[in-house]
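**Student:** Right, I'll just put the structure down here and ask away after.
The values are calculated or read from the model by the stated rules, or taken from the named source; none is laboratory data. Please read these numbers as outputs of a predicted model, since none were measured by experiment. Backbone-built Cβ (ideal geometry, glycine too); neighbour counts: all protein chains shown.
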2 protein chains.
Amino acid sequence: MSLNKEWFTEICPESGSAFSLKVKQKLHEEQTPYQRIEVYETEHYGNLLVIDGYVMLTDRDNFFYHEMLAHPALFTHPRPRRVLIIGGGDCGTLHEVLKHPSVERVQMVEIDERVTRVCERHFADLCSANDDPRAELHFEDGIKWVEGAPDGGYDVIIVDSTDPIGPAVGLFAEDFYRSCRRALQPQGVFVQQSESPLLHRSLIDTMHEKLRRGGFDDTHTLCFPQSCYPSGWWSATMASASTVLTDFREQDAADKGFATVYYNRDIHRAALAVPAFMTGRPAP
Amino acid sequence: MSLNKEWFTEICPESGSAFSLKVKQKLHEEQTPYQRIEVYETEHYGNLLVIDGYVMLTDRDNFFYHEMLAHPALFTHPRPRRVLIIGGGDCGTLHEVLKHPSVERVQMVEIDERVTRVCERHFADLCSANDDPRAELHFEDGIKWVEGAPDGGYDVIIVDSTDPIGPAVGLFAEDFYRSCRRALQPQGVFVQQSESPLLHRSLIDTMHEKLRRGGFDDTHTLCFPQSCYPSGWWSATMASASTVLTDFREQDAADKGFATVYYNRDIHRAALAVPAFMTGRPAP
């Protein structure tokens, strides 16, 4: 269902809301073994990536999500060198991670190679760092990858997945979190996209519980705008066994020496603020 | 244009986007001398107020806007006693202002009495403080009211208007800002809703210029989520002649002693953070 054929619409049934973007044309459509990928050219948001009918990103506003998934975690770790990205096939998170000069190696493990190949063609900016010699692209199952990873092999693990339905369900499970904890060095930082603070509060609460049961002693949710996702407000949840997540390398963030569109030191601090309703009150 | 008759849809032409809410029934519709008012019962957002086809508020998420319009300005002023609200006919901002025990008198000046009468019926919670003896409701032209106000009569002026089109255009004008400056005491704080930081960046930049030309030496934009407005991200712009807007009564905010859903001291600080793209870069 859509406004008419000039619009792409995503309905969010659990909130009885819908978001639509006016489109000029469909640029690509294919069914992979994992999911249905579509790319549209929109009127005001640049290109739009859709997977299984859900908005994944647009050229115009993906900076919120990719910057807030990458930089807070990397500026929280004292010296991130080895980074693992699970999912993230559009390569936008990889692009942000590679801006950190301390990073020596980034492994991106995406289950569906077609997402990356489609994005190389239609979201060339996001993929512009893929040839960086520090970057490795692996098209495999991320859960199995982490299970097979050596103990303490990573400084930061970033889970950049679709919603917790279909192929991504296992990425929101306690067993997966326990594997990630094991694959991180003791000061390691984990971060995962965690849906809308307004609409998916119970998912976020459950994630915190599972992360703690999985061996992480500190957990903290970051909030940030994301105009093309339901409610326009999104979150990422960090976890660590020994690093205090509300502290970060503030001076390094202030002197970061690379360009961002949304992220800066003050925005990092701001994203750590916990809204009144997330400190024990029932969800609105 | 709507998804179908079960949905209310607002199209934002300047961004080629649309937001829809699933509705159960239309509860009210009338054409006043100023505008067309509609109220719907939605499936998951409670009641929905629509004016001239634009979403004004829903039961579920109006707390973001009303709290962020009221509390940062009131906790920035050293001791707010006399408050003027221009617009705000739904009475949600009035409701928040009256939570401050220092406030002795609040005048709300709304041009269209019918907005308030409709909200008294369909948004009773927002109007539940209207009988407070400190509250005065005046149904008059806000621009003329401020022009006729005595010098320095107010500690805080809040402009809670519709978009800067139609009857609200004059509320975004330099002459109006100059009148507000005159009607505020020297430490007075002005605040006005200022649209989406993502979509209406040039409006915000122009507001800062006009406010400064109107006699305010400090101006600062606050950002916060607002899921039912275009982009899901909204702003309020504060101005003052002599109060530093990035400082506020932090301890009083921490010990506020009244309930809020979103606002708290940390969220106040967070809303003051300026995204990278608002510090000189072109709008995304």
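**Student:** For segment A:239-281, what are the residues that are assigned to a helix (DSSP H, G or I) and among the β-branched types (Val, Ile, Thr)?
**Tutor:** Within segment A:239-281, just A:Ile267 meets the criteria.
**Student:** Answer with yes or no whether A:Val97 is among the β-branched types (Val, Ile, Thr), closer than 17 Å to A:Asp132 by Cβ and more than 12 Å from chain B (Cβ to nearest Cβ).
**Tutor:** Considered against the rule, which asks whether it is among the β-branched types (Val, Ile, Thr), closer than 17 Å to A:Asp132 by Cβ and more than 12 Å from chain B (Cβ to nearest Cβ), A:Val97 comes out as yes.
**Student:** How many residues are within 11 Å of chain B (Cβ to nearest Cβ), polar (S, T, N, Q) and more than 18 Å from the chain's Cα centre (by Cα) when one looks only at segment A:232-277?
**Tutor:** Number of matching residues: 1.
**Student:** Could you tell me which residue of segment A:188-203 is farthest from A:Gly46 (Cα to Cα), considering only residues that are crowded, with 21+ Cβ neighbours inside 10 Å and more than 14 Å from chain B (Cβ to nearest Cβ)?
**Tutor:** A:Gly188
**Student:** For A:Thr116, work out the one condition from (1) among the β-branched types (Val, Ile, Thr); (2) free of Cβ contacts under 8 Å to residues at least 40 places away in the same chain; (3) not assigned by TED's automatic domain parsing to the domain that holds A:Cys223 it doesn't fulfil.
**Tutor:** If we test A:Thr116 against (1) among the β-branched types (Val, Ile, Thr); (2) free of Cβ contacts under 8 Å to residues at least 40 places away in the same chain; (3) not assigned by TED's automatic domain parsing to the domain that holds A:Cys223, just (3) comes out false.
**Student:** Still on this structure: List pairs: first in segment A:125-143 and outside the structural domain of A:His100 (by TED's automatic domain parsing) and over 21 Å from A:Val169 (Cβ atoms), second among the acidic types (Asp, Glu) and surrounded by fewer than 18 Cβ atoms within 10 Å (Cβ to Cβ), Cβ under 9 Å, 6+ apart or cross-chain?
**Tutor:** none
**Student:** Which condition number in (1) among the hydrophobic types (A, V, I, L, M, F, W, C); (2) in contact with a Lys or Arg (Cβ under 9 Å, 6 or more places away or on another chain); (3) within 14 Å of chain B (Cβ to nearest Cβ) is the one that A:Leu57 fails?
**Tutor:** Unmet condition: (2).
**Student:** Do we find that A:Ser102 is among the small types (Gly, Ala, Ser), in a loop (DSSP other than H, G, I, E, B) and within 9 Å of another protein chain (Cβ to nearest Cβ) in this structure?
**Tutor:** The answer is no for A:Ser102.
**Student:** Given the condition acidic (Asp, Glu), part of a strand (DSSP E or B) and surrounded by fewer than 21 Cβ atoms within 10 Å (Cβ to Cβ), answer yes or no: does some residue in segment B:214-230 qualify?
**Tutor:** Taking segment B:214-230 and keeping what is acidic (Asp, Glu), we get B:217-218.
Restricting the remaining residues to those that are part of a strand (DSSP E or B) gives B:218.
Now narrow it down to the ones that are surrounded by fewer than 21 Cβ atoms within 10 Å (Cβ to Cβ): B:218.
Yes, the conditions are met somewhere in segment B:214-230.
Results for (1) part of a loop (DSSP other than H, G, I, E, B); (2) within 22 Å of A:His95 (Cβ to Cβ); (3) in the same structural domain as A:Ile86 (by TED's automatic domain parsing), shown as yes or no for each residue.
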| position | (1), (2), (3) |
| --- | --- |
| A:Gly152 | yes, no, yes |
| A:Val156 | no, yes, yes |
| A:Ala168 | no, yes, yes |
| A:Arg178 | no, no, yes |
| A:Arg181 | no, no, yes |
| A:Pro186 | no, no, yes |
| A:Val189 | no, yes, yes |
| A:Gln192 | no, yes, yes |
| A:Glu195 | yes, no, yes |
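**Student:** Being buried (at least 18 other Cβ atoms within 10 Å of the Cβ) and basic (Lys, Arg) is the filter here; which residues of segment B:76-98 pass it?
**Tutor:** Listed by number, the list holds a single entry, B:Arg82.
**Student:** Which residues, taken from segment B:10-22, are in contact (Cβ under 8 Å) with a residue 12 or more places away in the chain and farther than 13 Å from B:Ser231 by Cβ?
**Tutor:** B:Ser20, B:Leu21, B:Lys22
**Student:** Give the residue that is surrounded by the most Cβ atoms within 10 Å (Cβ to Cβ), with candidates limited to residues of segment B:1-10 that are in a loop (DSSP other than H, G, I, E, B) and in contact with a strand residue (DSSP E or B) (Cβ under 8 Å, 6 or more places away or on another chain).
**Tutor:** B:Leu3
**Student:** Also, I was wondering about something else. Working only within segment A:11-45, note down all residues that are closer than 21 Å to B:Pro13 by Cα, surrounded by 15 or more Cβ atoms within 10 Å (Cβ to Cβ) and either of a type in the set (A, V, I, L, M) or facing chain B (nearest Cβ under 10 Å) (or both).
**Tutor:** A:Ile11, A:Ser17, A:Ala18, A:Phe19, A:Ser20, A:Leu21, A:Lys22, A:Val23, A:Thr42, A:Glu43, A:His44, A:Tyr45, listed by residue number.
**Student:** Hey, any hits in segment A:156-164 for a residue that's surrounded by 24 or more Cβ atoms within 10 Å (Cβ to Cβ), modelled with pLDDT of 95 or more, acidic (Asp, Glu) and touching a helix residue (DSSP H, G or I) at 6+ places or on another chain (Cβ under 9 Å)? Write out each step before concluding.
**Tutor:** To start, the set of residues in segment A:156-164 that are surrounded by 24 or more Cβ atoms within 10 Å (Cβ to Cβ) comprises A:156-160.
Restricting the remaining residues to those that are modelled with pLDDT of 95 or more gives A:156-160.
Still in the list and also acidic (Asp, Glu): A:160.
Adding the requirement that they be touching a helix residue (DSSP H, G or I) at 6+ places or on another chain (Cβ under 9 Å) leaves A:160.
Looking for residues that are surrounded by 24 or more Cβ atoms within 10 Å (Cβ to Cβ), modelled with pLDDT of 95 or more, acidic (Asp, Glu) and touching a helix residue (DSSP H, G or I) at 6+ places or on another chain (Cβ under 9 Å), one finds at least one in segment A:156-164, hence yes.
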